[in-house]
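Just below is one structure, and these are the notes that go with it.
The values are calculated or read from the model by the stated rules, or taken from the named source; none is laboratory data. Predicted model, so just to flag it, every value in this text is computed and none were measured. Cβ placement follows ideal geometry from the backbone for every residue including glycine, while neighbour counts extend to all protein chains displayed. Protein only, heavy atoms only, side chains kept; ligands, DNA and RNA dropped before computing areas. Shrake-Rupley method; radii C 1.70, N 1.55, O 1.52, S 1.80 Å.
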Amino acid sequence: MANSVLGNLLVAFLLVVASGRIFFLKHERVDTIAVLVPLAFAASVLQIIAWNADIVSMVLLVLSCLALFVNMRALSRVATKSYADVYSPAFIVFSVLIGIVSFAIAFIVIKYAPVNMVPKAYDVVETKTRLTGNFADGFKEAGYFALSDATLYLYEPLGEKKSDTVVIVGSDKRGDAAAYRPYMMLLAQKGYAVLTCDFYVDTWFGSPLDVRYVRRLAMLASFFYDAEQFSRQKDFYTFNMRREYAAMQALARQKFGDDVRFCIICDGMADNAAVDIVRQDARNVTSALALDSINEYETHGFGCIEQTDPLLAAYFGHVRDKALLVPRYLVLQTVKRLEQ
């Protein structure tokens, strides 16, 4: 996730340079710097495809669209190899505005950069598997050119496993798998196999908002628009999360065998579904833990945002934490539960 910083900075840099040319590109010089604008637009789209949409990437996408519109005339001159004429007052105003906002966004990207966690540094193997399928028929690994309906994340220790129990993490949809990555990585470092999955079949919105690129951002927007209405949908969330837990158990059995035992981890809107899964599969579920029952974890439902989304954490009054204090404490409590 920290790698998204580089893409956002690239887009902001291209927009700053393209907008700032009004100060150094003079009359009767070819305005070739204008080609940076469509490059910025293309980079902003690719950034969302690669890392999913967040507030920063969406602002950069809007800015690049605006810059593309403002620079249409300049781009046509480049295409016809015409000389740059005098910039209009409106063009100058918009260029200055785009440049200032892009520079501010670059500052925010640097200040609130996610904590970069490299699995090798924690003696952990991180495996991502693209899946295709549905909840009725199950999921299987997607072909190289096939569209995926889910992404499976598996974290395992490089050394000997401490336990054969597989920890399954069910995320509140305000936080996807990436939001719980510090917790899962540190837990795998302790010797446990940790599994989670982001499912993107038409489940939550029943609309294009279920697409991987925008689903989490849409969930956050839904929560911030009306938190009470969001909370009232818990029964609906419970139904969907039961299916997700069941699908993850099936995937774990495919990987580790039919006799595998589970520890169920839940958070926020996933809590009731976890309780149902524990009751239904008491023979195979050896332990369970609700992360939002731990007082030190204050960002219930959003994941470890002090590491994965410091800008969102700042909204809730938390600061970027490179020491991983909260994830480490969550792991400590999880290990206690596993060893009971």
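Taking the Cα atoms only, what angle lies between the long axis of helix 4-20 and the longest principal axis of the chain, rounded to 10 degrees?
The two axes meet at around 10 degrees.
Within the chain, what whole-number % of the accessible surface is contributed by carbon and sulfur, with the 1.4 Å probe and all protein chains included in the calculation?
60 percent
Taking only the alpha-carbon positions of the range 196-318 and ignoring solvent, what does the Debye formula give for the base-10 log of I(q)/I(0) at q = 0.10, 0.18, 0.19, 0.22 Å⁻¹?
Here log10 of I(q) over I(0) equals -0.36, -1.12, -1.22, -1.44.
If you place +1 on the Cβ of every Lys and Arg and -1 on the Cβ of every Asp and Glu, how big does the dipole about the Cα centre of the chain come out, in debye to the nearest 20? Present the calculation step by step, with values, prior to reporting the outcome.
Numbers: 34 positive and 34 negative charges, 167 e Å.
Result for the chain is approximately 800 debye, rounded to the nearest 20.
Amide H neighbours of VAL285 under 5 Å, at least 5 residues apart or on other chains, H built in the peptide plane: list them.
Result for VAL285 returns PHE262.
Would you mind estimating how fast the range 32-88 diffuses translationally, via Stokes-Einstein at 37 °C and 0.692 mPa s with the Kirkwood radius over Cα pairs, in µm²/s? Spell out each step's value before the answer.
On the way: Rh = 12.2 Å.
Estimated via Stokes-Einstein, D reaches 270 µm²/s.
I need the per residue convex hull volume for the range 17-117, using only the alpha carbons, in cubic angstrom as a whole number.
103 Å³
In the range 201-340, if the dipole is taken from +1 on Lys/Arg beta carbons and -1 on Asp/Glu beta carbons about the Cα centre, which of VAL285, GLN307, GLN233 is farthest to the positive end?
Sorting the options by dipole projection puts first VAL285.
What ³J(HN,Hα) values, in whole Hz, does the Karplus curve 6.51 cos²θ - 1.76 cosθ + 1.60 give for the range 255-267 when θ = phi - 60°, with x put for Gly and Pro?
Working through the residues one at a time gives 7, 10, x, 5, 8, 5, 9, 10, 10, 9, 10, 9, 7 Hz.
If each residue of separation counts as 0.36 nm, what is the full-extension length gain between PHE205 and ASP276 once their alpha-carbon separation is subtracted?
Once the chain is fully extended between PHE205 and ASP276, it gains 23.3 nm.
Report the paramagnetic label zone for ASP164: residues of the range 176-196 whose backbone N is under 16 Å from a point 7 Å from Cα along the Cα-to-Cβ axis.
From the range 176-196, the list is 192-193.
At q = 0.24, 0.35 Å⁻¹, what is the base-10 log of I(q)/I(0) for the range 98-139 according to the Debye formula with one equal point scatterer per Cα and no solvent? Please give it to two decimals.
So the normalised log intensities work out to -0.83, -1.08.
Could you tell me the calculated FRET efficiency between LEU39 and TYR315, based on Cβ-Cβ distance and R0 = 30 angstrom, to the nearest 0.05?
With R0 = 30 Å, the Cβ-Cβ based efficiency is 0.45.
Per residue, how much accessible area does the range 117-261 have with a 1.4 Å probe, in Å²?
48 Å²
Tell me which GluC sites (Glu not before Pro) from the range 236-322 have a DSSP coil assignment and no more than 16 other beta carbons within 10 Å of their own.
Passing sites in the range 236-322 are GLU296, GLU298.
For the range 113-197, what is the Kirkwood estimate of the hydrodynamic radius, computed as the reciprocal of the mean inverse distance between distinct Cα atoms, to one decimal in Å?
13.8 Å
Can you show me the helix-derived [θ] at 222 nm for the chain, built from DSSP H runs with n ≥ 4 at -39,500 (n - 2.57) apiece and divided by the number of residues, rounded to the nearest 500.
-15000 deg cm²/dmol
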